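Let me begin by presenting the structure, written as structure tokens, before commenting on it.
Since every read-out is calculated from the coordinates, none of them should be taken as a lab result. Treat the numbers as computed from the prediction; the structure is a model and nothing was measured. Note that each Cβ is placed from the backbone with ideal geometry, even for glycine, and that neighbours are counted across all protein chains shown.
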There are 2 protein chains.
Amino acid sequence: MTAFSTPQGARAAFRAGHVAPTAGMAPGFTQCNLIALPRDWAFDFLLFAQRNPRPCPVLDVTEPGSIRTVLAPDADLRRDVPLYRIWRDGVMVEETADASAAWDSQPDLVAFLIGCSFTFETPLRQAGIEIRHIAQGCNVPMYLTNRPCRPAGRLQGPMVVSMRPIPADRVAEAAVISGRYPGVHGAPVHIGCPEALGIADLARPDFGDAVEMRPGEVPVFWACGVTPQAALMASRPPFAITHAPGHMFLTDTPDHQWQV
Amino acid sequence: MTAFSTPQGARAAFRAGHVAPTAGMAPGFTQCNLIALPRDWAFDFLLFAQRNPRPCPVLDVTEPGSIRTVLAPDADLRRDVPLYRIWRDGVMVEETADASAAWDSQPDLVAFLIGCSFTFETPLRQAGIEIRHIAQGCNVPMYLTNRPCRPAGRLQGPMVVSMRPIPADRVAEAAVISGRYPGVHGAPVHIGCPEALGIADLARPDFGDAVEMRPGEVPVFWACGVTPQAALMASRPPFAITHAPGHMFLTDTPDHQWQV
């Protein structure tokens with residue numbers, strides 16, 4: 001039992017300044033992507049998420065100006081993510097472990113908490129499927145694709161995917177297990193053939209770390225909650241706060257809540 | 001083969017003035033609830049839907065002022081629903097088979113198309129489960145409940161449910177089959193005990209028609225897309241257009257798209 005075996009312990013560590021990718025932490029509890037935007041952009045983003053539910057399954061939306069979410073009532077959204085990114089006009093201007101100053105500089109941020117594929121890694125591991133980035137102790141590899149999201153208002157951009165190498169004889173099972181969790185990205189969007197997604201080299205991910213691919217393994221791609229950050233780059237809203245890829249917000253909500 | 005066996009044929013009949021409840025029509029194609037609100041209310045409604053996904057699963061949102069939806073590209077949302085309701089300040093002021101004049105009186109209506117439980121009636125019937133309101137040729141019974149929705153912005157109100165009598169030995173199967181379709185309300189929210197939902201008399205539904213309950217049957221309740229109309233009554237936005245309960249918008253989208 002370490003501080004990172006419960007969401008409350010992990011959040012306390014992050015609030016105290018610990019920085020690390022969160023895959024494998026607090027198994028059984030839902031992890032979330034974060035994007036906070038000015039209220040003026042909230043409808044555009046919520047519509048973007050509705051139109052792109054595979055990369056952007058919305059689990060909660062905060063009240064304008066609030067730092068609280070029903071998914072973890074005692075959490076402070078400004079400080080409890082291990083690493084944040086601050087964005088101005090579509091450019092990432094700062095990475096910080098404490099977003100309080102940036103958050104408080106805005107009068108009416110609306111935060112969106114978006115399901116994360118780390119959630120279904122727990123049932124995949126329970127089924128005996130190795131999650132390579134957990135085994136290697138690094139961040140999950142993520143890639144920009146050539147698949148445009150359906151635009152909404154002022155927001156558009158490409159879909160981002162996460163990738164896990166899966167032995168060929170376990171790929172179908174990985175698809176079925178993750179498919180039971182549509183609220184946290186669900187089944188893979190693409191299996192094999194990275195070049196068909198516009199991914200030239202699996203060893204050079206756009207976000208996170210490269211992982212080892214072994215003979216007999218297939219690259220399996222799931223829609224990824226970093227997609228909103230690609231939309232920020234493409235659409236350039238004046239201000240945003242997000243998590244840093246792989247450094248998620250840990251909620252008190254059990255994973256089984258998202259199982260169909 | 002009648003005009004009502006395809007969504008295109010049924011919409012043409014409705015556009016020509018035919019008025020009827022749509023349960024059982026165009027089997028295999030998704031039916032939708034409709035609510036159109038001024039752009040100023042669109043974020044509140046989309047957030048209300050996100051916070052209440054069982055009664056309000058959003059399948060499409062139109063561009064402000066548009067009468068088109070991706071779910072049925074050649075449809076005219078102002079005329080292709082068999083019966084509309086026009087609302088002012090939370091009061092239903094008109095029922096009409098053609099909402100063109102009301103729609104065109106507003107500069108920027110945003111229409112929300114919401115999944116309907118008629119969609120999973122097809123797989124229920126394929127499993128040999130009788131749908132009583134289809135057998136009786138009437139509208140499905142719907143009830144206001146004592147369960148408040150989670151509010152969002154200026155919108156709040158109680159959950160509305162639809163009810164189908166199911167033989168006790170088929171209730172579990174009905175729950176499992178409908179549960180595969182979370183995008184169109186999914187599994188029942190309540191099985192048996194109508195009084196616990198605040199329903200005093202099943203023979204007096206708040207919307208639609210009463211149906212026969214036979215010995216050995218259990219009343220099974222699903223979250224209903226008339227819930228937005230209860231929110232209109234409770235929250236009083238200045239203007240809205242909805243379908244009349246049970247008189248749905250028929251899309252060209254196959255039901256299996258919503259199956260998990």
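In region A:120-223, taking the dipole from charged Cβ atoms about the Cα centre, the farthest positive-side position among A:202, A:175, A:151 is held by A:151.
When both region B:215-243 and region A:1-53 are represented by their alpha-carbon centers, they are found 33 Å apart.
What does the average come to when, for each residue of peptide A:42-49, you count the partner chain Cβ atoms lying within 10 Å of its Cβ? Mind showing how you got there, number by number?
Details: counts 3, 10, 1, 1, 8, 7, 0, 2.
What the average comes to for A:42-49 is 4.
Which of the three applies to region B:1-69, rounded, prolate or oblate, going by the alpha-carbon gyration tensor with a ≥ b ≥ c and a/c under 1.5 meaning rounded? Here region B:1-69 falls in the prolate category. Amide H contacts of residue A:252 (H built 1.01 Å from N, in plane; Pro and chain starts excluded): A:72 sit under 5 Å, all sequence-distant by 5 or more or on other chains. A label point on residue B:238, set 7 Å along the Cα-to-Cβ line, lies at 2.5 nm from each of its counterparts in the other copies, closest listed first.
The charge dipole of region B:37-155, taken about its Cα centre with unit charges on the Cβ atoms of Lys, Arg (+1), Asp and Glu (-1) only, comes to about 600 debye.
The charge dipole of region A:120-223, taken about its Cα centre with unit charges on the Cβ of Lys, Arg, Asp and Glu (plus for the first two, minus for the last two), comes to roughly 380 debye. With Cβ to Cβ distances under 11 Å as the rule, what net charge do the other residues near residue A:19 carry (K, R +1; D, E -1)? Here the charged neighbours net out to -2. For chain B, the residue among B:14, B:73, B:222 whose Cα projects farthest onto the positive side of the dipole built from Cβ charges is B:222. Across peptide A:53-61, the mean count of Cβ atoms from other chains lying within 10 Å of each residue's own Cβ comes to 2. Our coupling estimate for region A:66-72, obtained by passing each phi through the Karplus curve with A = 6.51, B = -1.76, C = 1.60 and θ = phi - 60°, is 7, 10, 10, 10, 5, 6, 7 Hz, Gly and Pro reported as x. Sorted shortest first, the separations between the residue B:203 label point and its copies elsewhere in the assembly read 7.8 nm; each point sits 7 Å from Cα along the Cα-to-Cβ line. Rounded to the nearest 500, the helix-only mean residue ellipticity at 222 nm of the protein assembly as shown stands at -5500 deg cm²/dmol, with each DSSP H run of n ≥ 4 adding -39,500 (n - 2.57). Per-peptide packing, taken as the mean over residues of other Cβ atoms within 10 Å, places A:198-207, A:29-38, B:118-127 in the sequence A:29-38, B:118-127, A:198-207 from highest down. Each residue of region B:17-29 is assigned a 3J(HN,Hα), and the resulting list reads x, 5, 10, 6, x, 9, 4, x, 6, 6, x, x, 10 Hz, derived from the Karplus form 6.51 cos²θ - 1.76 cosθ + 1.60 (θ = phi - 60°), x at Gly and Pro. Each part reduced to its alpha carbon centroid, region B:121-195 and region A:161-189 end up 30 Å apart.
Charges at C-beta only: +1 for Lys and Arg, -1 for Asp and Glu. How large is the resulting dipole of the protein assembly as shown about its Cα centre, in Debye rounded to 20? Working shown, then result.
Numbers: 42 positive and 50 negative charges, 9 e Å.
Here the size comes out at about 40 debye.
Residues whose amide H falls under 5 Å from that of residue A:190, counting only those 5 or more places apart or on a different chain, are A:221, with hydrogens built in the peptide plane.
Summing charges over all other residues whose Cβ lies under 13 Å from the Cβ of residue A:179, with Lys and Arg as +1 and Asp and Glu as -1, gives +2.
Between copies, the label points of residue B:65, set 7 Å from Cα on the Cα→Cβ line, lie 3.2 nm apart, reported in increasing order to one decimal in nanometres.
Rounded to the nearest whole Hz, the Karplus-based 3J(HN,Hα) values (6.51 cos²θ - 1.76 cosθ + 1.60, θ = phi - 60°) of region A:171-182 follow the sequence 4, 4, 5, 4, 5, 5, 5, 5, x, 6, 10, x, with x at glycine and proline.
Database remark: amide H of residue B:166 closer than 5 angstrom to the amide H of B:218, B:220 (H placed geometrically; neighbours at sequence offset of 5 or more, or on other chains; Pro and chain starts carry no H).
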